[in-house]
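Visitor: Got a structure for you, written out below as structure tokens; questions coming shortly.
The values are calculated or read from the model by the stated rules, or taken from the named source; none is laboratory data. In this text the structure is predicted, and so the values were computed from the model without any measurement. Methodologically, a virtual Cβ is constructed for each residue, glycine included, from the backbone with ideal geometry; neighbour enumeration extends over all protein chains shown. Just the protein is used for accessible areas: all its heavy atoms, side chains included, with ligands, DNA and RNA removed. Shrake-Rupley method; radii C 1.70, N 1.55, O 1.52, S 1.80 Å.
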Amino acid sequence: MEQTHTGGNGTAAHPTGSAQRRVLVVEDDTTIVDAVSARLRAEGFLVQTAADGPSAVDAAEAWQPDLMVLDVMLPGFDGLEVCRRVQAQRPVPVLMLTARDDETDMLVGLGVGADDYMTKPFSMRELAARVHVLLRRVERAALAAVTPRSGILRLGDLEIDHAQRRVRVRNGDVHLTPTEFDLLVCLANTPRAVLSREQLLAQVWDWADASGTRTVDSHIKALRRKIGAERIRTVHGVGYALETPAP
């Protein structure tokens, strides 16, 4: 098993008075992990690495990262199991890396708590941008938690509680990832109105590059599985709309 390596000052404590964020990079390909780590350190992040499933879970528990960049295929046990175990300890934003451009794999990753994914090969610029976006979304969610919108939005038997970030369907709780919740709220803000993939990317992910539209599609599919496929309408070539009962 490869030992994990710390970036920055090499300590396990958050830097006092520093805004530096911690990123745990979990990848067994040394070429990729070196390139990703170097780029993230250049962006101002503290970086620690792990090369297999067990050491990744241990590092996440001990180091308490602000975000994980997590490869799917790992020795020991795979990235999906790492994600499950880490999310059971504490919620952590996860950017999943996959070598296969397979939508089923992506949906499984989103289902165990990943917030976004990238297919290899990828550019370091895009990876760094997505890390920044995920962390900004966490900051916005934290701000919303202390200054929440009041009330519960009810659309038929779908209820969205902004203050508690909870969703209920037919009086039963539905567990959504932070990204899925933000996506549902975005659609619910203008029910029945069609939002393009580019609009959803900009509003939910802060991502203006159209190359991320497949991310939207996969999150929509994951959301449909949880709240009901009939609730989200596809407008082919355009985007998606949240269906609501007729008034």
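Visitor: Is it the case that the range 217-229 has a residue that's open to solvent by less than 10 Å² (accessible area, probe 1.4 Å), touching an Asp or Glu at 6+ places or on another chain (Cβ under 7 Å) and at pLDDT 90 or above?
Guide: So far as the range 217-229 goes, yes, one or more of its residues are open to solvent by less than 10 Å² (accessible area, probe 1.4 Å), touching an Asp or Glu at 6+ places or on another chain (Cβ under 7 Å) and at pLDDT 90 or above.
Visitor: Quick one: how many residues across the range 176-201 are open to solvent by less than 50 Å² (accessible area, probe 1.4 Å) and assigned to a helix (DSSP H, G or I)?
Guide: Number of matching residues: 13.
Visitor: What tally of residues in the range 159-195 results from selecting those that are farther than 17 Å from His219 by Cα, among the hydrophobic types (A, V, I, L, M, F, W, C) and in contact (Cβ under 8 Å) with a residue 24 or more places away in the chain?
Guide: 3
Visitor: Can I ask one more? Quick check on my filter: what residues within the range 187-234 are closer than 18 Å to Asp157 by Cα and not basic (Lys, Arg)?
Guide: Leu187, Ala188, Asn189, Thr190, Pro191, Leu223, Ile227, Gly228, Ala229, Glu230, Ile232
Visitor: Related question: Can you tell me which residue among Pro54, Pro91 is touching a residue at least 60 places away in the same chain (Cβ under 8 Å), out of contact with any Asp or Glu (no Cβ under 9 Å at 6 or more places or on another chain) and not basic (Lys, Arg)?
Guide: One residue alone meets the criteria, Pro91.
Visitor: Is there a residue being at pLDDT below 85 and aromatic (Phe, Trp, Tyr) anywhere in the range 204-213? Give the derivation first.
Guide: First pass over the range 204-213, keeping only residues at pLDDT below 85: 205-213.
Next, only the ones that are aromatic (Phe, Trp, Tyr) stay: 205, 207.
Yes.
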